[in-house]
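Heads up, the thing below is written out as structure tokens.
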Amino acid sequence: MTTNDEDILIQSIKDGDTKAYAVLVDRYKDMVYTLAVRMIKNREEAEEVAQDTFIKVFKSLKKFKGDSKFSTWVYRIAYNTCLDNIKKNKKHLNNVAIDAYTFNKLDTIDNALDTIINEEKSTLIRNCIDKLPEDSSALLTLFYFEELSLEEISKVINIEANTVKVKLFRARKKLAVILEQYFQPKTA
């Protein structure tokens, strides 16, 4: 399922072309880092996890069979590397009560501010996603921000597509509860 360009890139890396490996890292670094930040919730550790991911990709490249998209395979390695990091560093699990967080309600003033408001909403949604457990935030990130299909996500996290659909539904419900807290008027 790889593209001809990816096939050439993979073969070049296997043949020892370090420039081809740099192209691969450059091509996938943003998606790997974004997933790592969403799951690890710590930028420095996410950078380390991203680096570890690319080391694992390099070492495992000979095992890539091409039966899925290459990006899906890279995502799977990144996802598993994040899980390994989380297990190793339990201190980073988010056990803080959600209602301990407060933000000001977003108000629409007029059409001239729509762009700013949309950016604020996007930031709010991303911040709320960060409040979710790692598996929920990863699912929402893969589906909405990275725009992976249910099938692709199922390959990344190694569960059935129907289970992904159920977990995604539950993650959306959790996100809705968090978002609802920010959009309700504050009472004195």
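Pairs linking a residue in the range 69-81 that is among the β-branched types (V, I, T) to a residue that is in a helix (DSSP H, G or I) and open to solvent by 20 Å² or more (accessible area, probe 1.4 Å), with Cβ atoms under 8 Å and 6 or more positions apart or on different chains, are T72/E152; T72/K155; V74/M31; I77/K56; I77/S60; T81/D52; T81/K56. Given the condition open to solvent by less than 60 Å² (accessible area, probe 1.4 Å), touching a helix residue (DSSP H, G or I) at 6+ places or on another chain (Cβ under 6 Å) and either modelled with pLDDT of 90 or more or farther than 23 Å from I40 by Cα (or both), answer yes or no: does some residue in the range 106-113 qualify? Yes, the range 106-113 has at least one match.
The residue of the range 125-155 that is most open to solvent (accessible area, probe 1.4 Å), among those that are among the charged types (D, E, K, R) and not in a helix (DSSP H, G or I), is E147. Looking at the structure I just gave you, is K65 within 21 Å of E151 (Cβ to Cβ), free of Cβ contacts under 8 Å to residues at least 12 places away in the same chain and either among the charged types (D, E, K, R) or open to solvent by 70 Å² or more (accessible area, probe 1.4 Å) (or both)? The answer is yes for K65.
The values are calculated or read from the model by the stated rules, or taken from the named source; none is laboratory data. Predicted, not measured: the structure shown is a model, and the values here were computed from it. Cβ: placed from backbone, ideal geometry, glycine included. Neighbour counts: every protein chain shown. Just the protein is used for accessible areas: all its heavy atoms, side chains included, with ligands, DNA and RNA removed. Shrake-Rupley method; radii C 1.70, N 1.55, O 1.52, S 1.80 Å.
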